[in-house]
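Asker: Sharing a structure with you now.
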Number of protein chains: 2
Amino acid sequence: MAQSMLLYWSSGSPPCWRVMIALEEKQLQGYKHKHLSFDKNEHKCEEVKALNPRVQVPTFKHGDIVVNESFAACLYLESAFKSQGTRLIPDDPAEQALVYQRMFETNNLQQKMYDVAFYEWYVPEGERHESALKRNKESLIAELKLWDGYLEEMGKGSYLAGKNFTMADVVCFPVIVFFPRLHCPPERCPRLMEYYKMLKDRPSIKASWPPHWLEKPEGQDMLKNL
Amino acid sequence: MAQSMLLYWSSGSPPCWRVMIALEEKQLQGYKHKHLSFDKNEHKCEEVKALNPRVQVPTFKHGDIVVNESFAACLYLESAFKSQGTRLIPDDPAEQALVYQRMFETNNLQQKMYDVAFYEWYVPEGERHESALKRNKESLIAELKLWDGYLEEMGKGSYLAGKNFTMADVVCFPVIVFFPRLHCPPERCPRLMEYYKMLKDRPSIKASWPPHWLEKPEGQDMLKNL
């Protein structure tokens, strides 16, 4: 089955990584894939363009089915391989609601992290403002506090949506990992840092760890002054 | 069943509206609800705060289950009431993949619409730049072209993910409606305008139409110069 899958991806991209974790968790190792370099702009290639009008990664194909949005690909994989590998969305209504809730809250954490760590990348030089970056930092600090509180409330050893690893972890871990990597002061989110340590060696995560991070384990310090 | 549901919402908010359309489609009329005014900052009230640490609407409760992110609430309702009312996520894998794909692409359309229509609302006066607004407009125009192309490709009378009304329409319609309302030139997205006309009188949509838009059918012209 995995042989009829093709993933175009780039190293270190949270949306790509979450699809890769989902593939691992659903025991779909052996899927075909093509690693494209962001730095060389390889993700803007004709192959991707042919499958994805947004010309971005991840671009994912399973047989004739193309599903490129990372959340969409993850939900599709869980639905198509429900009984295979890790069950990522529980049946119990209350558990399921919490998984969905944390999954979609991830967009807030991701955007707020980008708005600080990659501010200079996203905002052209003449349009940058100290006041905006300051506001972004405050917003990210508040967001981290929220997530740390969620983990605190659920107790030691919890995953993001309870006692089991779920789709909430699949989609959020590749964002959380940026905090230790980009030197976020650990006191900003001590529970998230414990969570990070608990998950970083999980087989699905280790198997899909960004290769350029393995070569260069130390990231830049964009979150040092948070 | 609907009697054990409680929705806090504000008029005209796309995230609130999509939960309301889902409730209508799933035949859950009769749910309890509380309309909070954005203008009066009512959505920052203690009742909402008690259920939603982000203190925002929608805030949604079903029995003891709280699920506030709009996409999460919509997926939860479909899952909990799968065989009731309209089936919003099809079983067929290819159809399902397309529904998920368009659902999550909606975030792009929504963000890009906000970045133009509400630029002055989001960006403090001293941080505004003509160059940024121009870039936002170009990005929105390209986004609209993409969606118009999706509808063009699927043919006249199609919904966003094919021949049936699905969750893609539930989550995206409340964003699309802003284009005619805020005077977007119809030639920017002729297929989306046809789609809008086809859907605006659908019972679930009509029943949940923002009350302050009924009082004031003409919106401001923030998208006039797109």
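Asker: I'm checking my understanding of the structure. Among residues of segment A:199-226 that are surrounded by 14 or more Cβ atoms within 10 Å (Cβ to Cβ) and of a type in the set (A, V, I, L, M, F, W, C), which one is nearest to A:Leu140 (Cα to Cα)?
Answerer: Result: A:Leu226.
Asker: Right, next: Inspect all residues belonging to segment A:199-210 and state whether any of them is under 16 Å from A:Leu88 (Cα atoms) and of a type in the set (Val, Ile, Thr). Give the steps one after another, and end with the answer.
Answerer: Step one: filter segment A:199-210 for residues under 16 Å from A:Leu88 (Cα atoms), giving A:199, A:202-205.
Now restrict to residues that are of a type in the set (Val, Ile, Thr): A:205.
Yes, segment A:199-210 contains at least one residue that is under 16 Å from A:Leu88 (Cα atoms) and of a type in the set (Val, Ile, Thr).
Asker: Give A:Thr86, A:Thr106, A:Thr166 a once-over and let me know the one that is within 18 Å of the chain's Cα centre (by Cα), not assigned by TED's automatic domain parsing to the domain that holds A:Leu182 and not aromatic (Phe, Trp, Tyr). First the steps, then the outcome.
Answerer: On the way: A:Thr106 fails: not assigned by TED's automatic domain parsing to the domain that holds A:Leu182; A:Thr166 fails: not assigned by TED's automatic domain parsing to the domain that holds A:Leu182.
The match here is A:Thr86.
Asker: Picking from A:Lys61, A:Lys82, A:Lys49, which residue would you name as being under 25 Å from A:Gln27 (Cα atoms), free of Cβ contacts under 8 Å to residues at least 12 places away in the same chain and not polar (S, T, N, Q)? Walk me through how you get there before you give the answer.
Answerer: On the way: A:Lys61 fails: free of Cβ contacts under 8 Å to residues at least 12 places away in the same chain; A:Lys49 fails: under 25 Å from A:Gln27 (Cα atoms).
On inspection, the qualifying residue turns out to be A:Lys82.
Asker: Additional query: Within segment B:71-128, can you find the residues that are within 12 Å of another protein chain (Cβ to nearest Cβ) and outside any helix (DSSP H, G or I)?
Answerer: Answer for segment B:71-128, where residues must be within 12 Å of another protein chain (Cβ to nearest Cβ) and outside any helix (DSSP H, G or I): B:Phe81, B:Lys82, B:Ile89, B:Pro90, B:Asp91, B:Asp92, B:Val123, B:Pro124, B:Arg128.
Asker: With respect to the numbered conditions (1) surrounded by 15 or more Cβ atoms within 10 Å (Cβ to Cβ); (2) at negative phi, which one is the sole condition not fulfilled by A:Gln29?
Answerer: (1)
Asker: Shifting gears a bit: Residue by residue through segment B:151-167, note down the ones that are crowded, with 24+ Cβ neighbours inside 10 Å and in contact with a strand residue (DSSP E or B) (Cβ under 9 Å, 6 or more places away or on another chain). Steps first, please.
Answerer: Going through segment B:151-167, the residues crowded, with 24+ Cβ neighbours inside 10 Å turn out to be B:160-161, B:166-167.
Scanning segment B:151-167 gives a single hit, B:Thr166.
Asker: Only one residue in A:Leu223, A:Leu133 is of a type in the set (A, V, I, L, M, F, W, C) and in contact with a His (Cβ under 7 Å, 6 or more places away or on another chain). Which one?
Answerer: Numbers: A:Leu133 fails: in contact with a His (Cβ under 7 Å, 6 or more places away or on another chain).
On inspection, the qualifying residue turns out to be A:Leu223.
Asker: Right, here's the next one. Working only within segment B:102-119, note down all residues that are touching a residue at least 12 places away in the same chain (Cβ under 8 Å) and farther than 20 Å from A:Val67 by Cβ.
Answerer: Correct list: B:Lys112, B:Met113, B:Asp115, B:Val116, B:Ala117, B:Phe118, B:Tyr119.
Asker: Also, quick follow-up: Residues A:Leu192, A:Leu214: which one is part of a helix (DSSP H, G or I) and modelled with pLDDT under 95? Before the answer, list the steps.
Answerer: Values: A:Leu192 fails: modelled with pLDDT under 95.
Within the list A:Leu192, A:Leu214, the selection yields A:Leu214.
Asker: Out of segment B:5-38, which residues are charged (D, E, K, R) and either in a strand (DSSP E or B) or farther than 10 Å from B:Pro58 by Cα (or both)?
Answerer: Matches in segment B:5-38: B:Glu24, B:Glu25, B:Lys26, B:Lys32, B:Lys34.
Asker: Does segment A:45-67 contain at least one residue that is under 21 Å from A:Arg87 (Cα atoms), polar (S, T, N, Q) and in a loop (DSSP other than H, G, I, E, B)?
Answerer: no
Asker: Can you find a residue in segment B:90-98 that is crowded, with 21+ Cβ neighbours inside 10 Å, touching a residue at least 24 places away in the same chain (Cβ under 8 Å) and under 24 Å from A:Met103 (Cα atoms)? Can you show your working first?
Answerer: Our first condition is that a residue be crowded, with 21+ Cβ neighbours inside 10 Å; within segment B:90-98, this holds for B:96-98.
Pick out the ones that are also touching a residue at least 24 places away in the same chain (Cβ under 8 Å) and you get B:98.
Among the residues that remain, those that are also under 24 Å from A:Met103 (Cα atoms) are: B:98.
Looking through segment B:90-98, at least one residue is crowded, with 21+ Cβ neighbours inside 10 Å, touching a residue at least 24 places away in the same chain (Cβ under 8 Å) and under 24 Å from A:Met103 (Cα atoms).
Asker: Looking at B:Lys163, B:Lys134, B:Lys156, which is the one that is at pLDDT below 95 and charged (D, E, K, R)? Show your work before the answer.
Answerer: Working: B:Lys163 fails: at pLDDT below 95; B:Lys134 fails: at pLDDT below 95.
After ruling out the rest, the residue left standing is B:Lys156.
Asker: Out of segment A:158-189, which residues are part of a loop (DSSP other than H, G, I, E, B) and over 19 Å from A:Ile89 (Cα atoms)? Before the answer, list the steps.
Answerer: Filtering segment A:158-189 for residues part of a loop (DSSP other than H, G, I, E, B) gives A:158, A:160-161, A:163-166, A:177, A:182-185, A:189.
A:Val177, A:Leu182, A:His183, A:Cys184, A:Pro185, A:Cys189, listed by residue number.
Asker: Continuing with the same structure: Can you pull out the residues in segment B:129-139 that are in contact with a helix residue (DSSP H, G or I) (Cβ under 6 Å, 6 or more places away or on another chain), facing chain A (nearest Cβ under 7 Å) and assigned to a helix (DSSP H, G or I)?
Answerer: First pass over segment B:129-139, keeping only residues in contact with a helix residue (DSSP H, G or I) (Cβ under 6 Å, 6 or more places away or on another chain): B:129, B:132-133, B:136-137, B:139.
Now narrow it down to the ones that are facing chain A (nearest Cβ under 7 Å): B:129, B:132.
Within segment B:129-139, just B:Ala132 meets the criteria.
Asker: Is it the case that segment B:27-40 has a residue that's in contact with a Gly (Cβ under 8 Å, 6 or more places away or on another chain) and closer than 20 Å to B:Phe173 by Cα?
Answerer: For segment B:27-40, residues in contact with a Gly (Cβ under 8 Å, 6 or more places away or on another chain) and closer than 20 Å to B:Phe173 by Cα: present.
Asker: Another question, then. From A:Glu125, A:Glu105, grab the single residue that is exposed (fewer than 15 other Cβ atoms within 10 Å of the Cβ) and of a type outside the set (Phe, Trp, Tyr).
Answerer: Working: A:Glu105 fails: exposed (fewer than 15 other Cβ atoms within 10 Å of the Cβ).
Just one listed residue meets the conditions, A:Glu125.
Asker: What number of residues within segment A:22-50 satisfy the criterion of being touching a Leu at 6+ places or on another chain (Cβ under 8 Å) and under 18 Å from A:Met167 (Cβ atoms)?
Answerer: Looking only at that region, the number is 5.
The values are calculated or read from the model by the stated rules, or taken from the named source; none is laboratory data. If you're wondering where the values come from, they're calculated on a predicted model, not measured in any experiment. Don't worry about glycine lacking a Cβ; one is built from the backbone with ideal geometry, like all the others, and counts go over all protein chains shown.
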